[in-house]
Amino acid sequence: LQANGGTNIEGALDEAFRLDSDAERLPMVIFLTDGLPSVGEENPEALAAQAERTRDNARVFAFGVGFDVNTYLLDRLSDAGRGATQYVRPGEDVEEAVGQMVQKVRHPVLADLEIADGPVQFTEVYPERLPDLFAGEELVVFGRYRARRRDARGELAISGRRNNRSERYAAATVFPEHANANDFIPQLWASRKIGYLSQSIRLNGPDEELIEEIRETALKYGLLSEYTAYLVQEPTEVAMGEGRGGRLTAFDAVAAPATASGAVAVNAAEQSRARREAKSKGELEEVDRDMLGRAHGPNARHVAGRLFHEVDGLWTDMMHTDSLEIVEIAPFSDAYFKVLERIPELTEYITEFGEVLVAGNTMSIKFADGGEDSVSPLRLSRLEEGFRGK
């Protein structure tokens, strides 16, 4: 085979969807491209609409190779086709990426999966439309629920299709009124929500209500997003917004890409996918690290809802400004343990960084050599008041 001429995406999709499949089988289309449409239909919206009309029951798994691809088109195709899109950046192995996908989808277990029944009312469930389930795969679903009574108990059922027949599976479940031990779950749910809202904006165009919803969700749950990002300047010139106490500050410094192709668009699409598919706190932290690395370089880290920047060995909270008083505490001194006991939320930052400056309401606390060794009860109360704003 020789590659010459243009990129005929319309012809490729027509040929793939033309083929029939037995009713007992789940038809799948793997679509790979390294270019923009230049032969036949070139309008991404028309191509996506045409594919939706002709795909019948086929699942569509799309691969965009390189940066010269239309992310809008690929994501529209896989979203309508109940599949997924994967982007292979320059230098990455396309054979490995396709091989992993093929290995994953070799043995379908349940198609057209749905939550059939449960003892509670579910809202804001992500994924919004459950994907097909394949052998060896773990499907994790996050959502909110309303219970008619405390600690609702009952049977939760899921339904699907296998070998052209309907299947239903049920299990006894408990939905507690409160579950404080699982405090990581709300953040994962919020990450999924942000991912789906971001995808909706990318596919359907900017919507101020959705953008504001992304901002509010990210700020409330201490997450990074395309619309809640720090504007990193010189260490002493940090842009500030309203509110502190571990929350991100909203800026329009980072926004969704205006175009559907190029490195920025591909990175945004991949970050949106990673948000939608995050299953654990570790995966969520990996998404944040990737966003921080691309936006601010290796000397920035996101910990417990705050962004820190390393300057001369000291990790500095980007919420700190010159207007805040700095109180220095010597590590492992009597003052150190008393401050952590009085303000336990600081423990996570000192554990992560060692020497660190954390911004509070009217006062920042710096843990570093040369700081105070002891504090009186009155001094401790004032530290708490200045940090928390009580």
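Structural remarks
- Of the solvent-accessible surface of the stretch 140-191, computed with a 1.4 Å probe over protein heavy atoms with every protein chain present, carbon and sulfur atoms account for 46 percent.
- About the Cα centre, charge dipole magnitude for the chain (Lys/Arg +1, Asp/Glu -1 at Cβ), debye: 1480 debye
- Only Cα pairs under 8 Å and 6+ residues apart enter the sum, and on that basis the relative contact order of the chain stands at 10 percent.
- Antiparallel bridges, percent of DSSP beta bridges restricted to the chain (to nearest 5): 65 percent
- Here the Karplus relation 6.51 cos²θ - 1.76 cosθ + 1.60, evaluated at θ = phi - 60°, turns the backbone of the stretch 143-149 into coupling constants of x, 9, 9, 10, 9, 6, 8 Hz, with x for every Gly and Pro.
- Across the cross-link table entries LYS220/LYS338; LYS220/LYS279; LYS193/LYS281; LYS338/LYS366, which are compared at the Cα atoms, the separations over 25 Å belong to LYS220/LYS338.
- Zone residues, the stretch 330-344, relative to SER374, backbone N less than 11 Å from point 7 Å out along Cα-to-Cβ: 334-335
- Here the Karplus curve 6.51 cos²θ - 1.76 cosθ + 1.60, taken at θ = phi - 60°, turns the phi angles of the stretch 106-118 into couplings of 5, 10, x, 9, 9, 10, 6, 5, 8, 7, 7, 6, x Hz, with x standing for Gly and Pro.
- Using alpha-carbon coordinates, inclination of helix 185-204 to the longest axis of the chain, degrees: 50 degrees
- If you sort VAL287, VAL102 by accessible surface, 1.4 Å probe, largest first, the order is VAL102, VAL287.
- Per residue, the chain reaches -11000 deg cm²/dmol at 222 nm when only DSSP H runs of four or more residues are counted, each adding -39500 (n - 2.57).
- Length released on extending from PHE332 to VAL264, taking residue separation times 0.36 nm less the Cα-Cα span: 20.0 nm
- Residues with amide H under 5 Å from that of VAL88, placed H, sequence gap 5 or more: GLY64, VAL65, GLY66
- Highest mean packing comes first when the peptides 160-168, 80-88, 259-267 are listed by Cβ atoms within 10 Å, giving 80-88, 259-267, 160-168.
- Sorted largest first by accessible area at a 1.4 angstrom probe radius, with every protein chain in place, the residues LEU139, LEU19 fall in the order LEU19, LEU139.
- Label zone at GLU42 (point 7 Å along Cα-to-Cβ), backbone N below 13 Å, the stretch 4-22: 6-9
- Largest mean-square fluctuation among ASP317, ASP20, ASP112, in a Gaussian network model of the chain whose springs join Cα atoms under 10 Å apart, belongs to ASP20.
- Modelled spin-label separation between ASP322 and ARG388, with each label point placed 7 Å from Cα along the Cα-to-Cβ direction: 3.1 nm.
- Phi angles of the stretch 77-90 translate, via the Karplus equation with coefficients 6.51, -1.76, 1.60 and θ = phi - 60°, into HN-Hα couplings of 4, 6, 5, 5, x, 6, x, 7, 10, 10, 9, 10, 6, x Hz per residue; Gly and Pro are given as x.
- Cβ-based charge dipole, the stretch 1-154, positive-most Cα from ASN8, GLY136, ASN70: GLY136
- Gain in span if fully extended, LEU32 to PHE122, counting 0.36 nm per residue against the direct Cα distance: 28.8 nm
- Extension gain for GLU348 to LEU133 (0.36 nm times residue separation, less C-alpha to C-alpha distance): 73.7 nm.
- Looking at the chain, the accessible area is 53 square angstrom per residue; that uses a 1.4 Å probe and ignores ligands, DNA and RNA.
- Computed over the stretch 33-140: relative contact order in percent, which uses C-alpha pairs under 8 Å that are six or more apart: 22 percent
- Accessible surface of the stretch 92-138, 1.4 Å probe: 46 percent of it comes from carbon and sulfur atoms.
- The Cβ shell under 9 Å around PHE175 holds other residues with a net charge of -1, Lys and Arg each +1, Asp and Glu each -1.
- Relative compactness, the chain, computed as alpha-carbon Rg over 2.2 N^0.38 Å: 1.18
- Amide H contacts under 5 Å for SER364, placed H, 5+ residues apart: GLU325, ILE326, VAL327
The values are calculated or read from the model by the stated rules, or taken from the named source; none is laboratory data. Predicted model only: the values in this text are computed from it and were never measured. Neighbour counts are summed over all protein chains in view; Cβ atoms, including those assigned to glycine, are modelled from backbone coordinates with ideal geometry. We work out accessible area using only protein heavy atoms, side chains counted, and drop any ligands, DNA or RNA first. Shrake-Rupley method; radii C 1.70, N 1.55, O 1.52, S 1.80 Å.
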